[in-house]
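The values are calculated or read from the model by the stated rules, or taken from the named source; none is laboratory data. All values reported here derive from a predicted model rather than from experimental measurement. As a convention, Cβ positions derive from the backbone with ideal geometry for all residues, glycine included, and neighbour counts pool all protein chains shown.
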Amino acid sequence: MDPYSDAQRPLYEVKANLFKGLAHPLRVRVLEVLSASPSVSVADLLADTGLEASHLSQHLSVLRRHNLVTAERRASQVFYRLAYPEVAELLSVARALLVRVLETTHSQLVSTVTLPFAADLATSEDPEMIR
């Protein structure tokens with residue numbers, strides 16, 4: 001057991017721990033489903049994610065442990081919701097960042113199409129191109 005509470009850790013360590021809770025695609029998917037509704041039943045999460053109940057339970061446990069979601073029992077059903085609206089904002093910012101990164105990568109790839117291949121350079125008649 002770690003002797004330090006989150007309050008005693010440097011902020012970068014606490015942030016890294018938060019991102020550990022996000023470090024699985026299925027947990028991100030669960031958070032996306034939850035960000036679209038005020039609360040979602042476990043049955044609906046199972047349907048939306050296609051996970052087996054035991055796998056979903058494990059992922060929800062990680063999300064609860066990292067304070068990203070909360071659970072509420074209503075009669076015989078359990079409903080989950082995002083613990084903070086900022087979780088949905090974080091997902092939105094991550095999506096926007098990913099779009100920007102992909103656009104940049106795409107632009108870089110497109111710009112390489114016009115570059116000559118090394119084989120083209122070696123067979124060129126221009127001595128300046130061979131150097």
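Limited to region 46-68, what total is found for residues that are farther than 19 Å from Ala16 by Cβ and not in a helix (DSSP H, G or I)?
So the answer is 3.
Pairs under 9 Å by beta carbon, first residue aliphatic (A, V, I, L, M) and surrounded by 16 or more Cβ atoms within 10 Å (Cβ to Cβ) in region 63-83, partner modelled with pLDDT under 95 and not in a loop (DSSP other than H, G, I, E, B), six or more apart or different chains?
So the pair list comes out as Leu63/Gly21; Leu68/Leu18; Leu68/Gly21.
Consider Val14 carefully, then state whether it is touching a Leu at 6+ places or on another chain (Cβ under 7 Å) and hydrophobic (A, V, I, L, M, F, W, C).
No; evaluated as a whole, the condition is false for this residue.
Quick one: count up the residues across region 22-62 that are over 18 Å from the mean Cα position of the chain (by Cα), aliphatic (A, V, I, L, M), surrounded by 14 or more Cβ atoms within 10 Å (Cβ to Cβ) and farther than 17 Å from Val87 by Cα.
2
How many residues does region 69-114 hold that are outside any helix (DSSP H, G or I) and touching a helix residue (DSSP H, G or I) at 6+ places or on another chain (Cβ under 8 Å)?
Step one: filter region 69-114 for residues outside any helix (DSSP H, G or I), giving 69-84, 114.
Then drop every residue that is not touching a helix residue (DSSP H, G or I) at 6+ places or on another chain (Cβ under 8 Å), which leaves 69-71, 77-82.
Here the count works out to 9.
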